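The values are calculated or read from the model by the stated rules, or taken from the named source; none is laboratory data. Quick caveat: nothing in here was measured; it's all calculated off a predicted structure. Cβ coordinates were reconstructed from backbone atoms using ideal geometry, including for glycine residues, and neighbour counts include every protein chain displayed.
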Amino acid sequence: MTLIKSISGIRGTIGGAAGSNLSPIDIVECCSGYGSWLLQQGKGKKVIIGRDARISGKLVQDLVVATLRALGIDVVNLGLSTTPTVEMAVIHEEASGGIILTASHNPRQWNALKFLNARGEFISADEGATILQIIEARDFTFADIDTLGTEVIVTDYIDKHIQHILDLPLVDVGLVKSKRYRVAVDCINSTGSISVTPLLEALGCEVTLLNDDMTGDFAHNPEPLPEHLTELSKRLQEGDFDLGIAVDPDVDRLVFVCEDGTPFGEEYTIVTLADYILSGHRGNTVSNLSSTRALSDITLSHGGTYHASAVGEVNVVLKMKEVEAVFGGEGNGGVIYPPLHYGRDALVGIALFLTFLAKKDMTVSALRNTYPDYVISKQKVELGDGMDPDQVIAAMQTKYHDHPHNNEDGLKLLFETEWVHMRKSNTEPIIRIYAESTSVEKADQLAARFVEEIRSLT
């Protein structure tokens, strides 16, 4: 069993001993730390919360609501919702912050509290460190009986979220409706059922749902990778569909499947949307260092400039603001479109993708074939007792100091048509290695080469 308190929030497995798992005691303490930090900022006392459909979701929600109210904070409870919907609600409700109750793509036994600032964005590293200090010191002061916070339950924010998407200039509702796309959607037993479905219906699509009961008892590993989407691929192969869509339990990651059941590729979600957005608006793009170079290729082809950030949504957002990017995201299917909000959002990604597909007037597989083929191999090196991952990475930096590289987040080495990124894990004693090349074999070979080089140092 596991409990991880980090600068972005708290996550862990349900059950077991307090302090070693996501127990009620740990939930209350960490929520108290976040709420106390908000009150110290003096920016108001309203917090938005929402959750995915995990089995433990209602239990965690009740603890969070009670704790915030005990601090004197007013709660706007969206109930079953999505991560991007909570983020947008923070903005439009002018709240002081938000808490998303989801462990994203982690298995059913996990849950988490993810903290937002008043801009509806994940808190910064410095803010997270301050909250951890408050939790460690147990620096909590609760409200008296006359100043307890209130709770308001709001159930229509997904509808508002969808309407904001449909109102975007780059979403052509009429054109998409004219295509009457037939779409199969894997909702992974969570809130994709109540968010992806109404969006597609508003766009005139004929929708077939898989795993749409919101039990939180996931039908397969909830991370939307090809090896976990075999049921969706089979349905596309057997049926008469134009495309397949898969999301993760909190609907901030977006993956497409071609009409013939073949994977579109999670890395190519942001590549395709950048192609659409930049075709009418020249500008900069951002993705993290472990994302495909295809985004750089597409950005350069449209006359823009590509920038890389450290891994993590908060880092991508910071870099996007710094370089005034018109679009960005992460290669795991995380779409960040600033005209809507600065957060990963599968729903806006769907609407933009379908508009682009309709404008192109081609099949999904034909669209995928218009982009360069890159493949990423993901491997890891386990470190022995007492091994310092920072020292290992530093040794690799010394070895390759004359080679084109980026050391903003670990070490990324750049080759003519390849790259390799080495970074330490924040949760395990390992070094992760990501290598991209023009074929599976070449990517695997490149990753294996650096696995051996790192092992030779340990």
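Below are the figures for this structure:
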{"read-out": "Test set (1) in contact with an Asp or Glu (Cβ under 7 Å, 6 or more places away or on another chain); (2) outside any loop (DSSP other than H, G, I, E, B); (3) surrounded by 20 or more Cβ atoms within 10 Å (Cβ to Cβ); (4) not charged (D, E, K, R) - His161 fails condition number", "value": "(1)"}
{"read-out": "Where Leu59 falls short, out of the listed (1) out of contact with any Pro (no Cβ under 9 Å at 6 or more places or on another chain); (2) of a type outside the set (Phe, Trp, Tyr); (3) surrounded by fewer than 21 Cβ atoms within 10 Å (Cβ to Cβ)", "value": "(1)"}
{"read-out": "Residue within region 39-55 that is assigned by TED's automatic domain parsing to the domain that holds Gln109, free of Cβ contacts under 8 Å to residues at least 24 places away in the same chain and buried (at least 19 other Cβ atoms within 10 Å of the Cβ) present", "value": "no"}
{"read-out": "Residue in region 309-317 that is on the phi > 0 side of the Ramachandran plot and at pLDDT below 95 present", "value": "yes"}
{"read-out": "Some residue of region 239-261 being modelled with pLDDT under 95, over 27 Å from Ala103 (Cα atoms) and not polar (S, T, N, Q)", "value": "yes"}
{"read-out": "Hits in region 311-322 - residues which are touching a Gly at 6+ places or on another chain (Cβ under 9 Å) and either in a loop (DSSP other than H, G, I, E, B) or free of Cβ contacts under 8 Å to residues at least 40 places away in the same chain (or both)", "value": "Val311, Val316, Lys319, Met320"}
{"read-out": "Selected residue (only one of Gly12, Gly72, Gly35 is of a type outside the set (Lys, Arg) and in a loop (DSSP other than H, G, I, E, B))", "value": "Gly72"}
{"read-out": "Wholly enclosed strands (runs of 3 or more DSSP E) of region 361-458 bearing at least 2 residues free of Cβ contacts under 8 Å to residues at least 60 places away in the same chain and surrounded by 17 or more Cβ atoms within 10 Å (Cβ to Cβ)", "value": "411-414, 419-424, 430-437"}
{"read-out": "Count - residues of region 199-237 that are assigned to a helix (DSSP H, G or I) and within 23 Å of the chain's Cα centre (by Cα)", "value": "9"}
{"read-out": "Search result, residues across region 181-190 that are more than 13 Å from Ala202 (Cβ to Cβ) and over 22 Å from the mean Cα position of the chain (by Cα)", "value": "Arg182"}
{"read-out": "Where Leu63 falls short, out of the listed (1) more than 18 Å from the chain's Cα centre (by Cα); (2) under 26 Å from Asp212 (Cβ atoms)", "value": "(2)"}
{"read-out": "Residue match in region 175-196 (condition: closer than 22 Å to Glu87 by Cβ and part of a helix (DSSP H, G or I))", "value": "yes"}
{"read-out": "Identity of the residue in region 75-94, assigned to a strand (DSSP E or B) and under 21 Å from the mean Cα position of the chain (by Cα), that ends up surrounded by the fewest Cβ atoms within 10 Å (Cβ to Cβ)", "value": "Gly79"}
{"read-out": "Scope region 105-121; condition closer than 27 Å to Gly16 by Cβ and either in contact with a Ser or Thr (Cβ under 8 Å, 6 or more places away or on another chain) or in the same structural domain as Tyr337 (by TED's automatic domain parsing) (or both); matching residues", "value": "Gln109, Trp110, Asn111, Ala112, Lys114, Phe115"}
{"read-out": "Residue tally, condition more than 19 Å from the chain's Cα centre (by Cα) and within 15 Å of Ser104 (Cα to Cα), over region 238-248", "value": "0"}
